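K.L.:
I'd like to ask some things about the structure below.
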Amino acid sequence: MLKLESRPEPSRALALLSPLIALAFTLVIGLGLFVALGKDPWQALQMFFYEPLKNTRALAELSIKAAPLLLIALGLSVCFRSGVWNIGAEGQFILGTIGATGVALRATADSSSLLVVGVLLAGTLAGMLWAALTALLRDRFNASEILVSLMLVYVAEQVLSYVVHGPWKDPNGYNFPQTITFLAQARMPRLIEGMRANWGVVIALGCMVSIWLFMHRTLAGYKLEVAGLAPRAARYAGFSSRSALWTTLLLSGAMAGLAGALEVAGPVGQLTSDVPLGYGFAAIIVAFVGRLEPIGVCLSSLLMSLFYIGGELSQSRLGLPKSITGVFQGLLLFSLLTCDTLINYRVRFSGRRRALPASAEVQ
Amino acid sequence: MRLELHDVTKLYPGVRANDGISLSVKAGEIHAVLGENGAGKSTLMKIIYGVTQPDSGRMLWNGREVRVASPEQARGLGIAMVFQHFSLFETLTVVENVWLGLSEKSKPRVAARIRELGQSYGLEVDPDRPVHTLSVGERQRVEIVRALLTDPKLLILDEPTSVLTPQAIERLFETLRRLAADGCSILYISHKLDEIRTLCDQCTVLRAGKVTGHVARPAAETNASLSRLMLGAEPPILEHHERQPGEVVLEVNGLSLEKQDEFGVSLRGVSFRVAAGEVLGVAGVSGNGQGELLAALSGEDRRATPNAIKLFGRDIAGAPPARRRRLGLHYVPEERLGRATVPVHSLSENTLLTRKDSVAPGAWLRRAPLRELARSIIARFRVKARGPGSLARSLSGGNLQKYVVGREIDARPKLLIVAQPTWGVDVGAAAQIRGELLGLRDSGSALLVVSEELEELLELSDSLVVIANGRVSPRIARRDATRALIGEWMSGLWPEQSESTATSNREETPLAQARVEA
């Protein structure tokens, strides 16, 4: 029989290194996978770790993927640290794209170029509202935020599908489920001319600094952390668990909504039913691999972007299936959980079960 | 000799839990093993009962050398153990619980044996009652009966009295004496000096894993001499001066609260007052509403009806903990780790839980004043910690308790509520904590101390109330509170006299009258 025993003093160094060990495991298994599929593992590795980094243009593309992941994962980190399990960032992201589009579609040729600020705000608010539904249901009816937020993702997908097939469909779009391409006033200005990277990256990095300050330098951030680490201590101190629930959900909803707005106002430039790529779910992995710390989350969002781009490249160049990105994400999360478990627990093989007391026969 | 241990040593990483321990128990002897928390008593019993194996040393059973590899084998030899924490299924009846662990197939026969044993040793318990309807004392009887059914030659009892009322303790001792008279040896683990002096024939004292003394007749010793062996020093004697209490600080008036979970207790019409400069002790067997009362007083449970709880005449029944703290009410809960402190946070961060207004007002955290506060608490209360950066969970129980009590005393509370101030704390730290609490009282604060240890309450309190089944007794002055009387009250039998506590908080229940009516 296998038994897990908790270690009295788990190594702190290993706990910090755990994401790197997990990455190593992921690579080893991934390489094995490529070999099994009959691909040159060296070439495959290049697709993941060289091509996306080889020049400025590639890095700009990387930043486009990393920015939304970073934003969403930052919000989720705050949530998870205080023990609020928001699994529905994807839904909040989708609502962000819809809210942003609602404002973007109002742009006319003589709109101010500040309209894009309204676009971002609308997306942020929409994501916040979607998360507020979860908070309300949890607060009022004690419904599990895990289930509610997850199920609201599917509702959000239906709302998206409705607007792009119905009221907001581009009349000249050959009946594709998409809106018109946004006017320039409703789009994010580019960071460097000629490349797709935009100011969204700067916003994401700014958020990273703010969230770090919030977590580690404010009383509100400390209260949220206590609520997650020791709920009974929070109750004893008088930190309200309701306010922790609302703050974290509204904050993470806003961040996911902002990421959605940046996506439609940035690289995509219109709303289509294909905008959501699962960033909201991938960001859960990003948050945990980044140890729920803003700086770690920044690094892990870059790593996850490598997986996204590497997956796309190996699809087009090596003819591997699209699901390769998902496989890598899954491998990474699985390895991380395994590492964390083995750092905190040791495995014991126990031979026989201890029998119930037998009175007389033993000598 | 029934049992002999020679040079038993058990090492755990970083600590010699047992270091060359020798001890021998005769047939029919009640042998005490005395020592403070962490002295190695439990490890030694686990070795005898086969739960763990010693690294070296010999064990002789009836003169023959044995190796006990498992509790199963220990029971086979005739060794039985009653653990401090009961292992009974609440939903099953007594006979079902006992029968579960036996090879005997017939339930009625087991029931008959339970009755028979109960009668001969004063352990009466109805075999057909479900365990959840039994009191704590009755549950312990079930555990002992279960142990006796295997017909043991040695019975080990681990701190058996911590859950009992004084009357129940008297009854347990009666049982143990009868068992010993029938030839069963008893190993009695305790840190309570009085009990050992009344009950035991022999006493082995442990300190830091070593035997520091064998006492042939504990009854002939004094508490001071025993505790010198146990601690290496005599505990400081507390100075308890009579003091005239001042104005009423806390007033609880007809507080009733429905229980929130199945195993909770509903509070019913709880009324009492605490005045400045006095310590009011709340005695009672655990699980009689102490937790519920404390939650209502601390503000963790805010369902109390308006005016049921007043602080300096102001209604605080619905006030959150932070507001109560601003009004001068501080609280030390029973659980140090996870409630009074966040285990993985440093001592300095843990000051923020209750002291944020005083050290770091405003929305931003400034680390320097937190560290300064933690450093001063560590110094003033002699907390053994590497510094303000030590994690709360890295401290020993006694040191963390000193830190938590210190953190709240340092806030100069007008009312300090303390639950189990010295629970699981070594004797030296306990004496220090009690001294600090009395010092706070002498400086004019009001204290409410909830404890299951009557000795402690008698040492600390000016007056006592007893909580039983969600109701609180009238107050009684310490000089009138005998163990017998408090014991009766712990079963809920006190004279009903309405308004006795409300009219004047210094009015004490006349002892004679209490006895007659109870």
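K.L.:
Filter the range B:44-62 for residues that are touching a strand residue (DSSP E or B) at 6+ places or on another chain (Cβ under 6 Å) and touching a residue at least 60 places away in the same chain (Cβ under 8 Å); which is farthest from residue B:8 (Cα to Cα)?
P.N.:
Looking at the filtered set, the residue picked out is B:49.
K.L.:
Hey, another quick one. Taking the range A:106-137, which residues are modelled with pLDDT under 95 and either more than 18 Å from residue A:184 (Cβ to Cβ) or in contact with a Leu (Cβ under 9 Å, 6 or more places away or on another chain) (or both)?
P.N.:
The answer is A:106, A:107, A:108, A:109, A:111, A:115.
K.L.:
Could you tell me which residue of the range B:248-304 is modelled with the lowest pLDDT, considering only residues that are in a loop (DSSP other than H, G, I, E, B) and of a type in the set (Lys, Arg)?
P.N.:
Here the residue is B:259.
K.L.:
While we're looking at this one, here's another question. Going by the conditions given, is residue B:8 part of a strand (DSSP E or B), under 26 Å from residue B:177 (Cα atoms) and in the same structural domain as residue B:188 (by TED's automatic domain parsing)? Even if it seems obvious, please write down each step before you answer.
P.N.:
Working: part of a strand (DSSP E or B): yes; under 26 Å from residue B:177 (Cα atoms): no; in the same structural domain as residue B:188 (by TED's automatic domain parsing): yes.
Considered against the rule, which asks whether it is part of a strand (DSSP E or B), under 26 Å from residue B:177 (Cα atoms) and in the same structural domain as residue B:188 (by TED's automatic domain parsing), residue B:8 comes out as no.
K.L.:
Of all residues being assigned to a helix (DSSP H, G or I) and either among the aliphatic types (A, V, I, L, M) or free of Cβ contacts under 8 Å to residues at least 24 places away in the same chain (or both) in the range B:376-402, which is surrounded by the fewest Cβ atoms within 10 Å (Cβ to Cβ)? Just the residue, please.
P.N.:
Top of the filtered list is B:379.
K.L.:
Being assigned to a loop (DSSP other than H, G, I, E, B), among the aliphatic types (A, V, I, L, M) and modelled with pLDDT under 85 is the filter here, so list the residues in the range B:122-148 that pass it.
P.N.:
Answer for the range B:122-148, where residues must be assigned to a loop (DSSP other than H, G, I, E, B), among the aliphatic types (A, V, I, L, M) and modelled with pLDDT under 85: B:123, B:134.
K.L.:
With B:127, B:160, B:166 as the choices, which residue is crowded, with 20+ Cβ neighbours inside 10 Å, in contact with a Lys or Arg (Cβ under 7 Å, 6 or more places away or on another chain) and not aliphatic (A, V, I, L, M)?
P.N.:
Just one listed residue meets the conditions, B:127.
K.L.:
Here's another thing I want to ask about it. Being at the interface with chain B (Cβ under 7 Å from one of its Cβ atoms) and part of a helix (DSSP H, G or I) is the filter here, so list the residues in the range A:229-244 that pass it.
P.N.:
Listed by number, the residues that qualify are A:229, A:232, A:233, A:235, A:236, A:237.
K.L.:
Let me ask another. Looking for whichever is small (Gly, Ala, Ser), farther than 30 Å from residue A:231 by Cα and either assigned to a helix (DSSP H, G or I) or in the same structural domain as residue A:200 (by TED's automatic domain parsing) (or both) here; the options are A:91, A:83, A:127, A:102. Which one fits?
P.N.:
A:102
K.L.:
If you don't mind, there's one more thing I want to ask. Any chance the range B:359-369 includes a residue that's crowded, with 16+ Cβ neighbours inside 10 Å, in contact (Cβ under 8 Å) with a residue 24 or more places away in the chain and not aliphatic (A, V, I, L, M)?
P.N.:
no
K.L.:
Among the residues of the range B:193-221, write down those that are more than 23 Å from residue B:16 (Cα to Cα) and either modelled with pLDDT under 85 or outside any loop (DSSP other than H, G, I, E, B) (or both).
P.N.:
The answer is B:193, B:194, B:195, B:196, B:197, B:198, B:199, B:202, B:215, B:218, B:219, B:220.
K.L.:
Among the residues of the range B:75-92, count how many are within 18 Å of residue B:189 (Cα to Cα) and within 13 Å of another protein chain (Cβ to nearest Cβ).
P.N.:
Going through the range B:75-92 one residue at a time, the tally reaches 3.
K.L.:
(1) without any contact (Cβ under 8 Å) to a residue 12 or more places away in the chain; (2) outside any helix (DSSP H, G or I): which one isn't true of residue A:10, the others all being true?
P.N.:
Here residue A:10 meets the rest and fails (1).
K.L.:
Output the residues belonging to the range B:439-455 that are in a helix (DSSP H, G or I) and in contact with a helix residue (DSSP H, G or I) (Cβ under 7 Å, 6 or more places away or on another chain).
P.N.:
B:440, B:454
K.L.:
So which residues in the range B:407-430 are assigned to a helix (DSSP H, G or I), surrounded by fewer than 21 Cβ atoms within 10 Å (Cβ to Cβ) and within 15 Å of the chain's Cα centre (by Cα), if there are any at all?
P.N.:
B:427
K.L.:
Does residue B:151 count as part of a loop (DSSP other than H, G, I, E, B), more than 14 Å from every other protein chain (Cβ to nearest Cβ) and out of contact with any Pro (no Cβ under 6 Å at 6 or more places or on another chain)?
P.N.:
Spelling it out, it is not the case that residue B:151 is part of a loop (DSSP other than H, G, I, E, B), more than 14 Å from every other protein chain (Cβ to nearest Cβ) and out of contact with any Pro (no Cβ under 6 Å at 6 or more places or on another chain).
K.L.:
Inside the range B:14-121, counting only strands (runs of 3 or more DSSP E) that do not spill past its ends, which hold 2 or more residues that are surrounded by fewer than 17 Cβ atoms within 10 Å (Cβ to Cβ)? Let's see the steps before the verdict.
P.N.:
Details: elements: B:15-25, B:30-34, B:56-61, B:64-66, B:79-82.
Per the criteria, B:15-25, B:56-61, B:64-66.
K.L.:
Just to be sure, is residue B:355 within 8 Å of another protein chain (Cβ to nearest Cβ), of a type outside the set (Gly, Ala, Ser) and crowded, with 17+ Cβ neighbours inside 10 Å?
P.N.:
Here the answer is no, as residue B:355 does not meet what is asked.
K.L.:
Scan the range B:456-487 residue by residue and report those that are surrounded by fewer than 20 Cβ atoms within 10 Å (Cβ to Cβ) and assigned to a loop (DSSP other than H, G, I, E, B).
P.N.:
B:469, B:482
K.L.:
Something else now. Have a look at B:198, B:204, B:175, B:222 and point out the one that is among the β-branched types (Val, Ile, Thr), out of contact with any Lys or Arg (no Cβ under 9 Å at 6 or more places or on another chain) and more than 20 Å from residue B:40 (Cβ to Cβ).
P.N.:
B:198
K.L.:
Quick one: in the range B:313-345, of everything that is in a strand (DSSP E or B) and touching a strand residue (DSSP E or B) at 6+ places or on another chain (Cβ under 6 Å), which residue is nearest to the other protein chains (Cβ to nearest Cβ)?
P.N.:
Only one residue fits best here, namely B:331.
K.L.:
Also, quick follow-up: Suppose the filter is closer than 28 Å to residue B:442 by Cβ and either facing another protein chain (nearest Cβ under 10 Å) or within 28 Å of the chain's Cα centre (by Cα) (or both); does residue B:277 pass it? Reasoning before the result, please.
P.N.:
On the way: closer than 28 Å to residue B:442 by Cβ: yes; either facing another protein chain (nearest Cβ under 10 Å) or within 28 Å of the chain's Cα centre (by Cα) (or both): yes.
Judged against the criteria, residue B:277 is a match.
K.L.:
With (1) touching a Leu at 6+ places or on another chain (Cβ under 6 Å); (2) within 14 Å of another protein chain (Cβ to nearest Cβ) as the list, and residue A:247 as the residue in question, which single condition is left unmet?
P.N.:
Of the numbered conditions (1) touching a Leu at 6+ places or on another chain (Cβ under 6 Å); (2) within 14 Å of another protein chain (Cβ to nearest Cβ), the odd one out for residue A:247 is (1).
K.L.:
So residue B:394 fits all but one of (1) modelled with pLDDT under 90; (2) hydroxyl-bearing (Ser, Thr, Tyr); (3) touching a strand residue (DSSP E or B) at 6+ places or on another chain (Cβ under 9 Å); what number is the exception?
P.N.:
Evaluating residue B:394 over (1) modelled with pLDDT under 90; (2) hydroxyl-bearing (Ser, Thr, Tyr); (3) touching a strand residue (DSSP E or B) at 6+ places or on another chain (Cβ under 9 Å) leaves (3) as the failure.
K.L.:
Please work out which residue is modelled with the lowest pLDDT, limiting yourself to the range B:491-518 and to residues that are touching a Pro at 6+ places or on another chain (Cβ under 8 Å) and within 25 Å of residue B:194 (Cβ to Cβ).
P.N.:
The qualifying residue modelled with the lowest pLDDT is B:518.
The values are calculated or read from the model by the stated rules, or taken from the named source; none is laboratory data. What you are looking at is a predicted structure, and each value in this text was computed from that prediction instead of being measured. Ideal geometry is used to build each Cβ from the backbone, glycine not excepted, and the neighbour counts take in all protein chains shown.
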